[in-house]
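Asker: After the structure tokens below, expect a handful of questions from me.
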Amino acid sequence: MEVELVSRPANAVVPSDAPRRRSAVLQALGRLVLRLAGWRFQGDVPHIPKFVIIVAPHTSNWDFVVGVFAMFAKDLRVHWLGKDTLFRMPMNRPLRWLGGRPVKRDVPEGVVREVAATIVAESEFLLALAPEGTRKRVTEWRSGFYRVAESAHVPIVPVWLDYGRREIGIGAPLLPTGDLAGDLARLRALYSSRMARYPARFHDVNDSTTPEKS
């Protein structure tokens, strides 16, 4: 599936209707770090106040680091979910400052309802999730992100970290149609193993020759 993307200058201003951190210092830091590391953006942040971001491939802890500096560079306020055991002192406050929200993964349905209700109640809210749910190789994506977006009536924005091209790509928003299988297929077609830091850990639906085990 081809997605039409439009490049824009690194110093472009993020749309005013997106939740912002409003920190010139963090924005400058994010741009500097990404530039020194050779990363660039491809695509635009949607002009909408609420959406669910999915980030893939997720094969390394470095994905989180790149994602944080991308968030700073775009001056975005983004929320993400993490295991409640991660939010213990001394990491609780720093992780929450970065947008983290602790969840208990043994009650996924409750998490979906709670997060969807939060998005509905807020005037602006960005939620970033890794649909693979782990850095290990999986053949199926978790559907939690889709059910959150569907319940909150917000679009899904695909974002990819392409280590080969050093590109942070932002795709076109997809509003859930109710056809879970069809929508997931459209989204997964945007990603390939060549993008991953560790390609063998990503199940590439576009490549039937991808090995079943890393």
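Asker: Scan the range 180-197 for residues that are in a loop (DSSP other than H, G, I, E, B) and of a type in the set (A, V, I, L, M) and jot them down.
Answerer: ALA189, LEU190, ALA196
Asker: I want to confirm something. Restricting to the range 65-86 and keeping residues that are outside any helix (DSSP H, G or I) and in contact (Cβ under 8 Å) with a residue 24 or more places away in the chain, which single residue is most open to solvent (accessible area, probe 1.4 Å)?
Answerer: Across the range 65-86, the extreme among qualifying residues is ARG77.
Asker: Just to be sure, is THR210 modelled with pLDDT under 95 and more than 30 Å from MET89 (Cα to Cα)?
Answerer: Yes; evaluated as a whole, the condition is true for this residue.
Asker: Tell me, yes or no, whether the range 62-71 has at least one residue that is more than 26 Å from ARG197 (Cβ to Cβ), under 19 Å from the mean Cα position of the chain (by Cα) and charged (D, E, K, R).
Answerer: Within the range 62-71, not a single residue is more than 26 Å from ARG197 (Cβ to Cβ), under 19 Å from the mean Cα position of the chain (by Cα) and charged (D, E, K, R).
Asker: Separate question: Within the range 141-159, can you find the residues that are free of Cβ contacts under 8 Å to residues at least 40 places away in the same chain and surrounded by fewer than 19 Cβ atoms within 10 Å (Cβ to Cβ)?
Answerer: Correct list: ARG142, SER151, HIS153.
Asker: Exactly one of these conditions fails for ALA130: (1) under 18 Å from the mean Cα position of the chain (by Cα); (2) modelled with pLDDT of 90 or more; (3) open to solvent by 70 Å² or more (accessible area, probe 1.4 Å). Give me its number.
Answerer: Among (1) under 18 Å from the mean Cα position of the chain (by Cα); (2) modelled with pLDDT of 90 or more; (3) open to solvent by 70 Å² or more (accessible area, probe 1.4 Å), the lone unmet condition for ALA130 is (3).
Asker: Continuing with the same structure: Which condition number does SER60 fail, the rest of (1) surrounded by fewer than 18 Cβ atoms within 10 Å (Cβ to Cβ); (2) modelled with pLDDT of 95 or more; (3) in a helix (DSSP H, G or I) being met?
Answerer: Here SER60 clears every test but (3).
Asker: To continue, here is another question. Out of all the residues in the range 33-42, which are open to solvent by 50 Å² or more (accessible area, probe 1.4 Å) and closer than 29 Å to VAL138 by Cα?
Answerer: ARG40
Asker: While we're looking at this one, here's another question. It is to be established whether one or more residues within the range 43-50 are crowded, with 18+ Cβ neighbours inside 10 Å and under 27 Å from ARG201 (Cα atoms).
Answerer: Yes, the range 43-50 contains a residue that is crowded, with 18+ Cβ neighbours inside 10 Å and under 27 Å from ARG201 (Cα atoms).
Asker: Could I ask something else about it? Which one is farthest from the chain's Cα centre (by Cα), of the residues in the range 167-185 that are open to solvent by less than 20 Å² (accessible area, probe 1.4 Å) and touching a residue at least 60 places away in the same chain (Cβ under 8 Å)?
Answerer: GLU167
Asker: I'd like to know if the range 87-94 contains one or more residues that are within 27 Å of ARG201 (Cα to Cα), at pLDDT below 90 and not in a loop (DSSP other than H, G, I, E, B).
Answerer: Checked against the condition, which is being within 27 Å of ARG201 (Cα to Cα), at pLDDT below 90 and not in a loop (DSSP other than H, G, I, E, B), the range 87-94 yields no hits at all.
Asker: Output the number of residues of the range 123-165 satisfying the condition of being closer than 18 Å to PRO102 by Cβ and part of a loop (DSSP other than H, G, I, E, B).
Answerer: Summing the residues that are closer than 18 Å to PRO102 by Cβ and part of a loop (DSSP other than H, G, I, E, B) in the range 123-165 gives 4.
The values are calculated or read from the model by the stated rules, or taken from the named source; none is laboratory data. Only a predicted model underlies this, so the values are computations on that prediction, with no experimental measurement involved. In this analysis, Cβ positions are derived from the backbone assuming ideal geometry, glycine residues included, and neighbour counts consider all displayed protein chains. SASA here: full protein model, heavy atoms, side chains in, ligands and nucleic acids out. Shrake-Rupley method; radii C 1.70, N 1.55, O 1.52, S 1.80 Å.
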